[in-house]
1. Once you keep just the Cα pairs under 8 angstrom separated by 6 or more residues, what percentage relative contact order results for the chain?
2. What is the magnitude of the charge dipole of the chain about its Cα centre, with +1 placed on the Cβ of each Lys and Arg, -1 on the Cβ of each Asp and Glu, and no other charges, expressed in debye to the nearest 20?
3. Beyond a 27 Å Cα-Cα separation, which of these cross-linked pairs lie in this structure: K2/K27; K27/K67; K87/K108; K27/K87; K27/K100?
4. Among P4, Q112, T82, pick out the residue whose Cα is farthest towards the positive end of the charge dipole of the chain, where Lys and Arg carry +1 and Asp and Glu carry -1 on C-beta, about the Cα centre.
5. Write down Rg/Rh for segment 91-137, rounded to two decimals, with Rg from the C-alpha atoms and Rh from the Kirkwood relation over Cα pairs.
6. Could you pull out the trypsin sites (Lys or Arg not before Pro) across segment 42-86 that fall in loop regions by DSSP (anything but H, G, I, E, B) with no more than 13 other Cβ atoms inside 10 Å?
7. What trypsin sites (Lys or Arg not before Pro) does segment 4-39 have in DSSP loop regions with at most 11 other beta carbons within 10 Å?
8. As an exercise, take the mean of 1/r over every pair of distinct alpha carbons in segment 6-81, invert it, and state the Kirkwood radius in angstroms.
Amino acid sequence: MKQPPKWLFKVAQFMRGRYGIMDSLNKFLMTCGLLLIFLTLFIHTSWLNLLGILLLLVAYWRILSRKIYQRAHENTQFQQRTAWLTKPLRRHYHEWQQRKHYRFFTCKNCHQRIRIPRGKGQLKITCPKCRHQFRART
């Protein structure tokens, strides 16, 4: 078995004890920074480029930080503040993936989402949450 290069060992030693995680906040910062830098190719303003570079520097600063618990807390705060946007998008994405095999209905009484297999014809559907019954075609 081949030994890893010496520089790889030195990088691993340097990163020991650092945050070093590409969490959701870092991904957001890097994506926004790269998009702003890319935008400056079409919109020639230096402040957009500066803002993009600043966002990238903040993301790298978070990766190289030794304050692991503070960075994890920042990421948790970011996830809690963006949950109102990410939860519905994630739900629609999963429904889109399952659209060939399942049909999704919403209970008119309590607005619960109900997943029914496709191809069963006309069904009498009972909401598992409020027991409201309605007929639907799958």
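1. 17
2. 1020
3. K2/K27; K27/K100
4. Projecting each Cα onto the dipole axis, the largest value belongs to Q112.
5. Rg divided by Rh gives 0.97.
6. R66, K67
7. Here the sparse-neighbourhood loop sites are R16.
8. Every distinct Cα pair counted, the radius reaches 13.6 Å.
Each reported figure results from applying straightforward, stated rules to the coordinates on display, with no laboratory input. Please read all numbers here as calculations on a predicted model, not as lab measurements. Every residue, glycine as well, gets a Cβ built from its backbone with ideal geometry; the counts of neighbours run over all protein chains shown.
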